[in-house]
Amino acid sequence: MASDRYSKLLKNSLVFFIGNLGSKIISFVIVPFYTYVLTTEEYGSADLITTTVNMLAPFVMVGMNEAVLRFSVSKEDSVGDIATNSLAVVAVGSVVSWLLLPLFASISIIGDNVVLFLLLLTLTCFNNVFLQLLRGIGKSKSFAFNGVLITFSMAAANVVALAVFHFGVKGYLASMLVAQAAGAFHIIISCKLWKLVSFKALDRQLTRRMLVYCIPLIPNSLMWWIMSASDRYVILFFLGAGANGIYNVAQKIPSIVNIVYGIFMQAWQISAIEERDSEDNARFQSTVFRYIFVILALASSLIAASSYPVYTLLMSSSYEGSWQPVAMLSIANLFSCIAAFFGTTYVVTKQSKKAFSTTMIGAVANIVLTLMLVPLLGVMGAAAATAASYALMAVVRYRDTRKIVKLAFDKKEIVPSLMVIAVQVGISFFPYSPNLLIADFVLSAVLIVMLRRGLLDIVKKGHSVVRARGKAF
């Protein structure tokens, strides 16, 4: 039984990973393309528009994506009822957003792009909600394929709009819109939405229960957005759009850790909900946490060490300096992943208010620190503020989680690992030199030695799971 849970978690993780692999590789490869076809100002402006879409999406869909996943996995209500009532909420939110068109048009960063902005916002909300429905009802392959489809569509549209026609910011947004439209069409076909949705399935009681669960998660999503994106607006104010473009590029490679971890979290949330009442749930969660920490720590260290050669080789010379915040952003992403892991406890126990309050602590810290540090340290200050606020949120959520699940951690692995990465962060504040680059890679090698037992345990567990699945067949 114990091996079955690991086997299912591994299977779901692999399905999501394989499905997302192509899309994530393209997302990474296309960044240098952007640095050559868009100026730092254009890239910074386009990034702010899409960041604003992501900020507003939770409000427009009233957080219904979170409710759809939680309710569909628990199987307490029919899929048709969940689909119908969530679609109704998204439709109402979208209509309201279009009524605010004059307001959005008056915002300088949106301006003439307001129609593209609202279309992108509407499709993003629809896709976010119904992708979670696919995931919740077990259509993991369709869920994963959708990410591949969206990214391939965007890549193709980008080449045409930016490299061929040189449409600039409008071309970037139009490419995203084409990709989201392709994703929405695929969702409709995969769900057979025309069979699920019915006016007869509209249910005030179900809608109310879903809203009671997800409404506290709307400000939670806003707080997460503040944690991950508000620093860009502060950079824009103090340093300009060009600096924001550089900072955005600096985030791309460290975000690989978050991307891969996000794929894992798609599987982990399902396992955590299904195993919530098992007798050895604490041991299961402790083991999983140890494995992911080992992998995340090593990935963060190696990204920090390789930042200078990777960024100087791949990026346009106009983005020089984007390598320097990478180490700080790597440890920020590490703490972000840890906080997200502990946040799963709130999903399992339906404590959405707790999810909001803990994220708010991190968001407030992020705003205060960003405003203090950006004028002093530039983009490095924004990265430092992000790392500190995620670390604070991870600690608060850890304390909450321990009250519910008695997790056990190996501090002899965790504390020294964080110290090694912290030294790499310190090195990044100095100008590049070959000796510092060597020191960075030596520290990564030291970390591998320190975490060798954890790595061996991961290999052994993986081997036992694969062998057990082989015997089952």
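The values are calculated or read from the model by the stated rules, or taken from the named source; none is laboratory data. Model, not experiment: these values are computed from the prediction. Glycine also receives a Cβ, built like all others from the backbone with ideal geometry; neighbour counts cover every protein chain displayed. Remember, those area values only see protein heavy atoms, side chains included, never the ligands or the DNA or RNA. Shrake-Rupley method; radii C 1.70, N 1.55, O 1.52, S 1.80 Å.
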Query raised in the report: If we scan region 285-296, do we find a residue that is surrounded by fewer than 20 Cβ atoms within 10 Å (Cβ to Cβ) and not in a helix (DSSP H, G or I)?
Result: no
Selection from region 221-242 of residues farther than 23 Å from Cys337 by Cα, open to solvent by less than 40 Å² (accessible area, probe 1.4 Å) and part of a helix (DSSP H, G or I) yields Val234, Ile235, Ala241, Gly242
The condition from (1) surrounded by 23 or more Cβ atoms within 10 Å (Cβ to Cβ); (2) of a type in the set (Ser, Thr, Tyr); (3) closer than 30 Å to Glu275 by Cβ that Thr344 misses is numbered (1)
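Scanning region 133-191 for residues that are among the polar types (S, T, N, Q) and over 18 Å from Asn65 (Cβ atoms), which turns out modelled with the lowest pLDDT? Walk me through it before giving the result.
Taking region 133-191 and keeping what is among the polar types (S, T, N, Q), we get 140, 142, 146, 151, 153, 158, 175, 180, 190.
Going one step further and asking which of them are over 18 Å from Asn65 (Cβ atoms), we end up with 151, 153, 158, 175.
Details: Thr151: 82, Ser153: 90, Asn158: 88, Ser175: 92.
Checking each candidate, the answer is Thr151.
Between Leu196, Leu202, which is open to solvent by less than 80 Å² (accessible area, probe 1.4 Å) and modelled with pLDDT of 85 or more? Reasoning before the result, please.
On the way: Leu202 fails: open to solvent by less than 80 Å² (accessible area, probe 1.4 Å).
One residue alone meets the criteria, Leu196.
Taking Thr401 as the residue in question, decide whether it is open to solvent by less than 60 Å² (accessible area, probe 1.4 Å), of a type in the set (S, T, N, Q), in a helix (DSSP H, G or I) and closer than 18 Å to Val234 by Cβ. I'd like the intermediate steps shown before the answer.
On the way: open to solvent by less than 60 Å² (accessible area, probe 1.4 Å): yes; of a type in the set (S, T, N, Q): yes; in a helix (DSSP H, G or I): yes; closer than 18 Å to Val234 by Cβ: no.
The answer is no for Thr401.
Among the residues of region 135-151 satisfying the criterion of being in a loop (DSSP other than H, G, I, E, B) and without any contact (Cβ under 8 Å) to a residue 60 or more places away in the chain, which is nearest to Gly183 (Cα to Cα)?
Step one: filter region 135-151 for residues in a loop (DSSP other than H, G, I, E, B), giving 137-139.
In the following step, the residues that additionally are without any contact (Cβ under 8 Å) to a residue 60 or more places away in the chain were identified as 138-139.
Working: Gly138: 18, Lys139: 15 Å.
The residue in question is Lys139.
Look through Ser72, Ser78, Ser108 and report the one residue that is open to solvent by 50 Å² or more (accessible area, probe 1.4 Å) and closer than 27 Å to Lys350 by Cβ. Don't jump to the end; show me each part of the working.
Details: Ser72 fails: open to solvent by 50 Å² or more (accessible area, probe 1.4 Å); Ser108 fails: closer than 27 Å to Lys350 by Cβ.
On inspection, the qualifying residue turns out to be Ser78.
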Restricted to region 422-451 and to residues being open to solvent by less than 40 Å² (accessible area, probe 1.4 Å) and among the β-branched types (Val, Ile, Thr), the residue farthest from Gly381 (Cα to Cα) is Ile427
Among the residues of region 139-174, the number that are of a type outside the set (Lys, Arg) and within 21 Å of the chain's Cα centre (by Cα) is 17
When (1) surrounded by fewer than 16 Cβ atoms within 10 Å (Cβ to Cβ); (2) of a type outside the set (Phe, Trp, Tyr); (3) more than 18 Å from Val234 (Cβ to Cβ); (4) without any contact (Cβ under 8 Å) to a residue 40 or more places away in the chain are applied to Lys406, the one that fails is (4)
